[in-house]
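Report on one structure; see the data block that follows.
The values are calculated or read from the model by the stated rules, or taken from the named source; none is laboratory data. Computed from a prediction, not measured in an experiment: that's the story for all the values here. So basically every Cβ, Gly included, is an ideal-geometry build from the backbone, and we count neighbours across all protein chains shown.
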Amino acid sequence: MIKLYAFLGNHGRQYAGNRHNVAWQFLEALPVNATLSWSRGFGGRFAALEAPAGRAWFLKPETFMNLSGDAASELARFHKIAPAEILVVHDELELGFGFFGFKRGGGLGGHNGLRSMKERLGTPDFLRLRFGIGRPSHDDVAGYVLSDFTREERELLDCPVFPRATAAFELCLAEGFDAAFAKYQKANALAQA
């Protein structure tokens, strides 16, 4: 059972529309988000969710992306949550825009938020929900991930990407990671439009 859902992003208005913040944008689009009562602590904002399988925690680390593991590990340690019970929602350069999918562990792909999670949790063996942002056509990867989605990309995120990813996330909440993983390892939301 997943006991902690950690949505990675950068805190601050100037980062809100960035590709690197797609997990926070997705969280804002989730219907369940409107039902959560958020508090400050553990290096970010957190909320409890009474899921069908039991209580789970949502976390938005406000330590900035490169130190995401500080907040997640603090909450996990306090609530005695194992790395295998954590799902990290994040952007993924290695997936094309419009793709999303669940994954178990694996490499870090140069993602500093994932690197921080691995360092603080002591393992890369946490669960993941990845949102594809694609690779830039130039070498400035940092500038690319910290740039905003285009208006056309934003419209596609609003529909169909986030609605289809919401169905996947709700399946994960209701039936568990294995059910969601079996159906949504690598889904192309744009192909189904």
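Here are the numbers for the structure shown:
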{"item": "Output for segment 117-157, where each listed residue is hydrophobic (A, V, I, L, M, F, W, C) and more than 15 Å from Asp91 (Cα to Cα)", "result": "Leu121, Phe126, Leu156"}
{"item": "Residues (touching a residue at least 40 places away in the same chain (Cβ under 8 Å), more than 24 Å from Leu171 (Cα to Cα) and surrounded by fewer than 16 Cβ atoms within 10 Å (Cβ to Cβ)) located in segment 34-78", "result": "Asn66"}
{"item": "Residue that is closer than 27 Å to Pro160 by Cβ and modelled with pLDDT of 95 or more, where the choices are Leu4, Leu75, Leu67, Leu87", "result": "Leu87"}
{"item": "Restricting segment 1-27 to residues that are among the small types (Gly, Ala, Ser) and farther than 23 Å from Asp125 by Cα, the residue that is surrounded by the fewest Cβ atoms within 10 Å (Cβ to Cβ)", "result": "Gly12"}
{"item": "Filter pass, Arg135 being under 25 Å from Asn188 (Cα atoms) and of a type in the set (D, E, K, R)", "result": "yes"}
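Conditions tested, residue by residue: (1) surrounded by fewer than 14 Cβ atoms within 10 Å (Cβ to Cβ); (2) at negative phi; (3) basic (Lys, Arg).
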site: Ser116; (1), (2), (3): no, yes, no
site: Arg120; (1), (2), (3): no, yes, yes
site: Thr123; (1), (2), (3): yes, yes, no
site: Phe126; (1), (2), (3): no, yes, no
site: Asp139; (1), (2), (3): yes, yes, no
site: Thr150; (1), (2), (3): yes, yes, no
site: Asp158; (1), (2), (3): yes, yes, no
site: Arg164; (1), (2), (3): no, yes, yes
site: Glu170; (1), (2), (3): no, yes, no
